Every structure is written in structure tokens, then in C-alpha cells.
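In what follows, a single structure is set out as C-alpha cells and then discussed.
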Amino acid sequence: MRRVPAAVAVLPACMIIVALFGGALVGAVRTSLEPGPAGLAGEVSLDAWRAILTDPAFLDSLLFTSWITLASTAISMIVAVGLAHLIRGRRRALWALFGLPVPVPHLLVAVVVVLWIGPAGVVDRLAGALPFELIRDRAGLGIMLVYVLKEAPFLTLLIVAVLGPEVRAREEAAATMGAGPLQRLRWVVWPRIAAPLSFGSLIVAAFVFGSFEVPLVVGPTYPKTLAVLALDAARTSELDGQARSASILLVTAAVTIVCALLLVRRARADE
Amino acid sequence: MIRRTRLARIGAWAVALAVSVPFVILLLQSFVESWRAPAVLPQRFGLRAWSIVLAEGTAARPALVNSALVALATTTIALFLAWPAARALGESRLRRPTLVVVVMTLPVLVPPYAVGTGLAEWFIRLGLVDSLFALILAHMVYVLPYVVLLLASGFGREVESLEEAACAMGAGTVHRLRLVTIPAIAPSLALAALMGFLVSWGQYGTSLSVGGGIAMLPVVLVPFVQADPPVAAALGSLFLAPAVFALIVASRQDRMN
């Protein structure tokens with residue numbers, strides 16, 4: 001049997017990705033350097049970058065996006081650890097029900113959340129009007145709820161996959177030696193789940209940081225997430241709208257790329 | 001001893017149901033015709049939302065067709081592009097597999113709207129904007145990495161030795177592929193195809209930025225969430241269908257293993 005060398009075999013896939021992704025970044029940089037209304041066409045200018053960096057709406061958006069990212073990721077992690085404890089060792093049918101949100105698009109989770117807890121939603125009717133507002137609230141609770149609903153099951157399944165019967169046996173051993181539930185979590189379970197959990201959480205954080213369709217459906221009108229702010233900029237009639245939009249998106253891309261490189265360094269350290 | 005109480009079991013099932021039931025009820029919500037507050041149950045059920053979704057002349061029907069076409073085309077092309085790479089990765093023949101995996105997966109973490117906007121700049125120059133081809137290219141950035149990694153999990157020493165045996169018995173390339181390789185990696189192939197389809201099917205940011213003028217299911221769905229919830233529920237049910245299908249396939253495969 002003749003074999004193509006491995007380095008050649010990976011070329012088609014890698015080249016497509018490098019060309020499309022690299023091209024996208026170059027395209028966005030080029031758009032972001034287009035001059036504003038005062039400049040001449042074809043000139044390179046930093047007007048759009050200056051405009052977004054001095055725009056209070058951009059800074060609010062950056063803070064807001066960081067807040068929902070950190071909060072959703074942290075809550076998902078905590079919920080996942082609790083849920084993993086609850087479902088491990090149980091029937092596969094339970095896992096399947098539980099895993100339902102994992103392949104479901106984010107947008108659909110947002111739609112379901114609105115139909116349930118939005119104005120005139122199912123919960124509103126069952127409980128009377130809710131005393132608090134989760135949809136389009138300024139703290140971004142609706143967005144966070146969508147991400148926790150979608151990502152906590154994902155993280156749970158990642159954790160449960162490494163919690164086999166041998167971990168249970170060690171926990172039993174620790175328990176007979178008098179370790180309480182928290183001590184068992186800290187010294188037996190945590191060393192096992194730390195790697196997959198932090199790996200999964202960085203992925204979740206990157207997704208939340210770029211969140212776009214979810215805040216469009218359940219997010220507040222102010223502040224907006226960075227991606228939605230970029231959409232607004234692109235849709236204004238102002239001449240530098242496209243350039244500002246591209247600058248904002250490059251900021252989100254830069255943050256997620258840094259996240260991804262952290263992930264790689266971690267994986268290298270674990271190897 | 002660690003006791004596993006009945007309470008914990010009930011709790012586990014309650015959480016699982018709470019997570020999954022809203023998605024099931026979504027279909028029911030699409031048949032709501034009249035539901036005035038503060039009634040707990042709808043006053044009337046009917047087919048109004050579905051007749052809007054399936055009617056000719058609305059954006060919903062082309063959106064469904066376009067989304068399915070783009071997802072099928074992207075997945076099929078991705079499978080061909082991914083095959084050699086998945087094979088090299090799965091058989092651990094690469095000297096630096098981490099580098100390849102990083103190059104492939106890094107873009108997945110970058111927001112689709114950002115990648116789409118950057119690509120749109122090129123597509124406008126090349127006259128490709130607002131075409132299904134542009135959508136396929138943009139979706140490829142997110143579909144290909146999943147397909148490569150899932151397909152790679154199917155290849156390995158076992159498949160290799162089966163192929164060598166077939167080769168020794170005189171099977172040609174086509175025969176070997178059809179009778180040995182594909183059946184041997186069928187589970188991974190199915191999962192890779194399903195995942196590829198789902199990733200493309202769910203793309204919002206890339207579809208909006210690259211295919212502004214082309215109706216795609218998620219893009220068409222968003223305005224209905226506020227304007228007409230039953231229609232959003234009907235479109236949402238269609239949007240959900242492939243994920244449910246994938247889950248059923250995955251859990252059946254799980255049981256067979």
C-alpha cells in the first residue's frame with residue numbers, strides 16, 4: 001500500500017483553514033484602516049480605532065461583555081461540578097436527556113428561554129408576573145441564563161467522562177478514612193476533573209465573549225456585547241461605520257485568540 | 001460509605017427533565033393560536049404559525065432550503081478535505097500533531113461574526129457576496145475542524161491492519177475503501193457528518209455577514225421571537241430537528257458500544 005506522507009496529507013485541510021481564517025483577519029484589518037469621512041479614499045488611517053477607543057459605549061460594552069463572560073463561565077463551572085456529582089454512574093438515558101442542550105444551537109436556547117420566561121411566557125402565566133426581569137435586563141442575566149443552560153451540560157458531560165468507577169473506589173476509601181464530602185471533592189475528585197474542566201471552560205469563555213445572536217434575542221439595548229455593538233456600527237449610515245465595526249470585531253478576535261493560546265499552553269504543560 | 005439517596009436520584013431526573021422538557025414543548029407552542037394573558041393554558045390551538053412558515057412567498061421556506069443546502073454541501077466538501085488529514089492524525093503519523101490541531105481549531109474560538117465580516121470584505125471584491133458559495137466557504141472555517149477531529153478518532157492501527165489484509169488479498173483501492181475502510185470507520189464518519197451539518201446549520205454570525213441577502217434559517221428566525229412567538233416556535237422546531245436526530249443517533253451508537 002502506498003502512503004501519502006503525513007505532512008502532505010494534512011495540507012488540504014490546513015491550507016483551507018489558514019487561507020480563509022487568515023484572509024478574514026486581513027480583510028477585517030484592511031476594513032478597520034479605511035479613513036473616516038474626512039479622509040481620502042485609499043488612504044490608511046487609524047480614525048476608526050481612535051473613534052472606538054474613545055467611545056464610552058465601546059468601553060461599557062467591553063466591560064459588559066467581560067462581565068457576562070466571567071459570570072456565565074464561573075456559574076457554568078460550579079453548576080457542572082454539582083450536576084456531575086448528581087448524574088455520574090446513572091443510566092445513559094438520563095445522560096441523553098441531560099445532554100440535549102449540547103448539540104442545540106445557542107440561538108434556539110435563547111428562543112426557548114424567551115418563550116418560557118419572557119413577557120407573557122409560560123412562567124409568567126404560571127406564577128403571575130415575575131417580580132424580576134431576566135430578559136433584556138441591564139445586568140445581562142438573560143444572556144447568562146442561556147449560556148449556563150447550554151454550557152453547564154456540556155461541561156458536566158466533560159467531567160463525567162473522566163469520573164469512572166475507579167474514582168468512586170478512591171472516594172469510598174477516602175470516606176472510610178473519615179474524609180467529608182468537601183474534602184473528597186478537593187483531594188480525590190478535583191485532581192481528576194481540573195484539566196477537562198479548565199479546558200472546557202476556556203472554550204465556553206471564548207464562545208460567550210463573542211456572543212452575538214443570544215444578546216440579539218435576550219440582551220439589553222444598553223450596554224451591548226461587542227459583537228452586537230459591531231453590528232450596530234456596520235448598520236449606521238455613517239461613513240466610518242464599517243471601519244469601526246471591523247475594529248470592534250478585531251478586539252473580540254484578539255481576546256479569543258489569546259484565550260485559545262492559553263489553552264494550548266495548558267495542554268502543552270499537561271503533556 | 002457514601003450513600004446514594006433516593007432524593008439524589010429524583011433530583012437528577014428532575015434536573016434532566018427541566019433541561020429537556022422546554023425543548024419538547026417548543027413544538028407544542030408552535031400550534032398556539034390564541035393565548036391571552038393571564039390564562040395559564042392557550043385558548044385555541046391551530047395551524048396558523050405553520051401555514052405562515054410553509055406558505056409560499058415568505059422567507060421561511062427558502063431559508064429552510066438554503067440552510068439545508070449549505071449545511072449538506074459544506075459537510076460533504078469538508079469530509080473530502082478532512083479525510084487525508086484525519087487519517088494522518090488518527091494514525092499518529094505526524095511529527096507535530098499539536099501544531100496541526102492548533103492551526104485547525106483556533107478559528108473555531110473566534111466569533112463567527114468577526115470571521116464573516118473579514119471574509120465579506122474579500123467576497124465583495126471577488127463578486128461572491130450573497131451567494132451560497134460564499135456561505136459554504138464561511139461555514140467551512142467552523143465545520144472543517146470538527147469534521148477532522150471526529151473523523152480522526154475513527155482511524156488507527158486496527159483500521160490500518162484491516163486494510164493491509166485486504167490489500168494482501170488483492171483488493172484494489174476502490175474495493176478496499178468500500179468494503180473495508182468505510183465500514184470500519186462508519187461510526188466516526190456518521191458522527192463527523194452529523195456534527196458538521198449541525199455546526200453549519202446553527203451558524204448565525206457568518207450567515208448574516210456573508211450572505212446578507214440570502215435567507216438562512218437562524219437569520220430569518222430572530223425577528224419572529226418578538227414579533228410572533230408561535231412562528232418563532234415553529235421555525236425553532238425545524239431548527240431543533242437535526243440536533244434531536246443527532247442525539248438519537250449518538251445515544252444509539254453509545255448503547256451499541
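Surrounded by 15 or more Cβ atoms within 10 Å (Cβ to Cβ), of a type in the set (A, V, I, L, M), under 25 Å from B:Ala233 (Cα atoms) and in contact (Cβ under 8 Å) with a residue 40 or more places away in the chain: does that describe A:Ala96? Even if it seems obvious, please write down each step before you answer.
Values: surrounded by 15 or more Cβ atoms within 10 Å (Cβ to Cβ): yes; of a type in the set (A, V, I, L, M): yes; under 25 Å from B:Ala233 (Cα atoms): yes; in contact (Cβ under 8 Å) with a residue 40 or more places away in the chain: no.
Judged against the criteria, A:Ala96 is not a match.
When A:Val113, A:Val81 are checked against the criterion of being in contact (Cβ under 8 Å) with a residue 40 or more places away in the chain, in contact with a Leu (Cβ under 8 Å, 6 or more places away or on another chain) and under 27 Å from B:Phe245 (Cβ atoms), A:Val113 stands alone in meeting it. Of all the listed residues (B:Leu26, B:Leu41, B:Leu17), the sole one being buried (at least 16 other Cβ atoms within 10 Å of the Cβ) and farther than 25 Å from B:Gly212 by Cα is B:Leu26.
Filter segment B:126-141 for residues that are assigned to a helix (DSSP H, G or I) and surrounded by fewer than 17 Cβ atoms within 10 Å (Cβ to Cβ); which is nearest to the other protein chains (Cβ to nearest Cβ)? Before the answer, list the steps.
Applying the first criterion (assigned to a helix (DSSP H, G or I)) to segment B:126-141 yields B:126, B:132-141.
Now drop any that are not surrounded by fewer than 17 Cβ atoms within 10 Å (Cβ to Cβ), which leaves B:126, B:132-133.
On the way: B:Leu126: 11, B:Leu132: 16, B:Phe133: 13 Å.
Of everything passing the filter in segment B:126-141, B:Leu126 is nearest to the other protein chains (Cβ to nearest Cβ).
When you look at A:Leu62, is it under 26 Å from the mean Cα position of the chain (by Cα), at the interface with chain B (Cβ under 7 Å from one of its Cβ atoms) and touching a residue at least 40 places away in the same chain (Cβ under 8 Å), yes or no? The answer is no for A:Leu62.
Of all residues in segment B:47-68, those satisfying the criterion of being exposed (fewer than 15 other Cβ atoms within 10 Å of the Cβ) and part of a helix (DSSP H, G or I) are B:Ser51, B:Leu54, B:Val65.
Name the single residue that is farthest from B:Phe23 (Cα to Cα) among those in segment A:90-104 being facing chain B (nearest Cβ under 7 Å) and of a type in the set (D, E, K, R). Result: A:Arg90.
When segment A:105-147 is limited to residues that are assigned to a helix (DSSP H, G or I) and either of a type in the set (D, E, K, R) or touching a Cys at 6+ places or on another chain (Cβ under 6 Å) (or both), the one that is farthest from the other protein chains (Cβ to nearest Cβ) turns out to be A:Asp124. In segment B:134-148 there is no residue that is aliphatic (A, V, I, L, M), at pLDDT below 90 and more than 20 Å from A:Leu202 (Cβ to Cβ). Within the option set B:Phe80, B:Phe45, being of a type outside the set (Ser, Thr, Tyr) and in contact with a strand residue (DSSP E or B) (Cβ under 8 Å, 6 or more places away or on another chain) holds for one residue only, B:Phe45. The test for being over 20 Å from A:Leu59 (Cα atoms), free of Cβ contacts under 8 Å to residues at least 40 places away in the same chain and within 12 Å of chain B (Cβ to nearest Cβ) holds for A:Arg184. Counting the residues of segment A:148-158 that are over 15 Å from A:Ala205 (Cα atoms) and either outside any helix (DSSP H, G or I) or out of contact with any Pro (no Cβ under 9 Å at 6 or more places or on another chain) (or both) gives 2.
Residues of segment A:213-269 that are in contact with a helix residue (DSSP H, G or I) (Cβ under 7 Å, 6 or more places away or on another chain) and not in a helix (DSSP H, G or I): A:Gly219, A:Pro223, A:Lys224, A:Thr225, A:Asp240.
Results for (1) among the small types (Gly, Ala, Ser); (2) in contact (Cβ under 8 Å) with a residue 60 or more places away in the chain; (3) within 28 Å of A:Val208 (Cβ to Cβ), shown as yes or no for each residue.
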| position | (1), (2), (3) |
| --- | --- |
| B:Val180 | no, no, no |
| B:Ser188 | yes, no, no |
| B:Leu194 | no, no, yes |
| B:Gly205 | yes, yes, yes |
| B:Val219 | no, yes, yes |
| B:Pro223 | no, no, yes |
| B:Pro229 | no, yes, yes |
| B:Ala233 | yes, yes, yes |
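Of the residues making up segment B:92-125, those that are more than 8 Å from every other protein chain (Cβ to nearest Cβ) and either on the phi > 0 side of the Ramachandran plot or not in a helix (DSSP H, G or I) (or both) number 2.
Residues in segment A:212-265 that are touching a residue at least 60 places away in the same chain (Cβ under 8 Å), under 29 Å from A:Val148 (Cβ atoms), among the charged types (D, E, K, R) and surrounded by fewer than 24 Cβ atoms within 10 Å (Cβ to Cβ): A:Lys224 only. Summed over segment A:155-178, the residues that are crowded, with 17+ Cβ neighbours inside 10 Å and out of contact with any Ser or Thr (no Cβ under 8 Å at 6 or more places or on another chain) give a count of 10.
The values are calculated or read from the model by the stated rules, or taken from the named source; none is laboratory data. Note that the structure is a prediction, hence the values are computed from the model and not measured. Here Cβ is always computed from backbone atoms with ideal geometry, including for glycine, and neighbour counts include all displayed protein chains.
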